Amino acid sequence: MHLFNTQLSIPFKSKKVIKVISGLNNLDIQDIIRMVKAAELSNAHYIDIVANTRVVSIIKSLSNLPLCVSSINPIELYNCTIAGADMVEIGNFDNFYSKNIKFSISQIYQLAKETRLLINNKDICVTIPHTLSLYDQVFLSKKLEVLGINILQTEGYLSSKYSLINCNDKNDMVLKSATTSASALSSTYAISNAVQIPIITASGIDYISSSMASYCGASGVGIGYNINKQKTIYDMSLYINEVYHSLISQINSNDLNDLFFLLNLNKEKVDLSKVK
């Protein structure tokens, strides 16, 4: 593992990283500042914001937290590093998914290659599209590792086939959490067995499922939606700390067996030895 950002090296090596996601299309500076302040008051390690040079400049003037920006535009990412961004991420695919636009292995690889040529002294993270099969996700991840990408991020989806529509009992919260995060966790498990670079698990992660991410090989988690549901900065910081303590906690073997059962339900099995 090689990271340019020394502030993040220790958290990534200990595999206890929390990335706070402010909303990758969020230009509301007051809302972003609330997220940043909550991150500063808690055990968060860095924050991911919209790739906008004005927003980057403002946030860097207010906080010493490492700042990541996300986009699929290499020039946009480069300009943000000039404005002060500490790292960049090729991601923020949700807007395209809603328009039924999907990204191929070659498209993601080319974006990563162009970004690395432009930005050769900062960490680059690449989100692996959940629309790819697990086999293709692993294949792409191995190519990105060879290219010199520093961090990978997995994302997921919630299949209606396994959604828990009638979950009323509080005891169902664990199953609901595992089901919501199962897609991202299955990708993390497959990819972590194929590459040596750190992986951030995002999409559907909460204070319950974050401990599962660690067991699946993640170096950390990305959270945003569940933080935004909190009413105050104090509540937001408390939630982030709940995620942190979950991330460093241990889960018993029965929980782990239930987890892998859900992963097998959610995605096809992949023979990693066949992925070259």
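Quick look at the numbers
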item: Residues being more than 16 Å from K113 (Cβ to Cβ), of a type in the set (S, T, N, Q) and over 14 Å from the mean Cα position of the chain (by Cα) - total across the range 67-90; result: 2
item: Residue match in the range 10-26 (condition: within 28 Å of I240 (Cα to Cα), free of Cβ contacts under 8 Å to residues at least 40 places away in the same chain and either of a type in the set (F, W, Y) or crowded, with 17+ Cβ neighbours inside 10 Å (or both)); result: yes
item: Among (1) closer than 21 Å to S133 by Cα; (2) modelled with pLDDT of 95 or more; (3) of a type in the set (V, I, T), the one test that V221 misses; result: (1)
item: Lone qualifier among Q137, Q110 - being surrounded by fewer than 16 Cβ atoms within 10 Å (Cβ to Cβ), of a type outside the set (A, V, I, L, M) and either modelled with pLDDT under 95 or in a helix (DSSP H, G or I) (or both); result: Q110
item: Matching residues in the range 204-218 - criterion: being among the polar types (S, T, N, Q) and either at pLDDT 95 or above or surrounded by 24 or more Cβ atoms within 10 Å (Cβ to Cβ) (or both); result: S209, S210
item: Residue satisfying condition, being at pLDDT 95 or above and among the basic types (K, R), within set K143, K161, K102, K176; result: K143
item: Candidate set: the range 65-87, residues that are small (G, A, S) and under 26 Å from N43 (Cβ atoms); chosen: the one surrounded by the fewest Cβ atoms within 10 Å (Cβ to Cβ); result: G84
item: Filter result (small (G, A, S), under 19 Å from G222 (Cα atoms) and either at pLDDT below 90 or outside any helix (DSSP H, G or I) (or both)) within the range 232-265; result: S246, S249
item: Pair list, Cβ < 7 Å and 6+ apart or interchain, from the range 115-130 residues that are assigned to a strand (DSSP E or B) to residues that are surrounded by 21 or more Cβ atoms within 10 Å (Cβ to Cβ) and among the hydroxyl-bearing types (S, T, Y); result: I124/T115; I128/S141; I128/T154; I128/S187
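The values are calculated or read from the model by the stated rules, or taken from the named source; none is laboratory data. Source: prediction; values computed, not measured. Ideal geometry is used to build each Cβ from the backbone, glycine not excepted, and the neighbour counts take in all protein chains shown.
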